[in-house]
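The values are calculated or read from the model by the stated rules, or taken from the named source; none is laboratory data. Because the structure is a prediction, the values reported are computed rather than measured. When we count neighbours, we look across all protein chains shown, and the Cβ atoms used for this are built from the backbone with ideal geometry, even at glycine. When the accessible area is computed, the model is the full protein with side chains, heavy atoms only, and any ligands, DNA or RNA have been set aside. Shrake-Rupley method; radii C 1.70, N 1.55, O 1.52, S 1.80 Å.
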Amino acid sequence: MSEFFSYLSHWGVWEWSTFGLILMILELIMPGTFIIWFGLGAIMTGVIIAFVPLTVSGQLATFAVCSAISLFFGFFVYKRIFGANKEVAQKNKTGAHKYIGQSFKVVEAIEDDLGKVAVGDTVWLAKSKHPIAKGRRAKVIDVEGTVLIVE
């Protein structure tokens, strides 16, 4: 571990900035939506140590704080861009909401409010106020999480 701190003690503006850019490039390559914020935290750390000389512990603490701030900021950015509410999902027909209005074959009778419908090559849980027999078709009228509401 001391070798790591010894190595890190030689890091400066360019090393932190390069590390941040590498993390941001990884964000483009790997699926996910959070590595970019750690990359931004690393770049912010590089900018800070350009003006304030820090120890290794100070650099790591600065990286942690900057990453936390950028993650906090990123949460609101992604919430605004992708919308976290049902109305946006329905409007854009994303996720299970794209099935609203479509009919699917019931593969497990819907009794006691719950059963299953075939959607393409998968089977989804389905919920209905009224029983629906196996083999009949049911129309999706809403979505609750990963359960299709049918009639």
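Structural remarks
Condition check ((1) out of contact with any Gly (no Cβ under 6 Å at 6 or more places or on another chain); (2) in a loop (DSSP other than H, G, I, E, B); (3) modelled with pLDDT of 95 or more) across all residues:
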| site | (1), (2), (3) |
| --- | --- |
| Thr33 | yes, yes, no |
| Ala42 | no, no, yes |
| Leu60 | yes, no, no |
| Leu71 | yes, no, no |
| Gly74 | yes, no, no |
| Lys98 | yes, no, no |
| Ile149 | yes, no, no |
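- Of everything in region 1-54 that is polar (S, T, N, Q) and either free of Cβ contacts under 8 Å to residues at least 24 places away in the same chain or open to solvent by less than 50 Å² (accessible area, probe 1.4 Å) (or both), the residue that is nearest to Ile69 (Cα to Cα) is Thr45.
- All positions within region 55-71 that are closer than 12 Å to Trp11 by Cβ and open to solvent by less than 60 Å² (accessible area, probe 1.4 Å): Val56, Gly58, Gln59, Leu60, Thr62, Phe63
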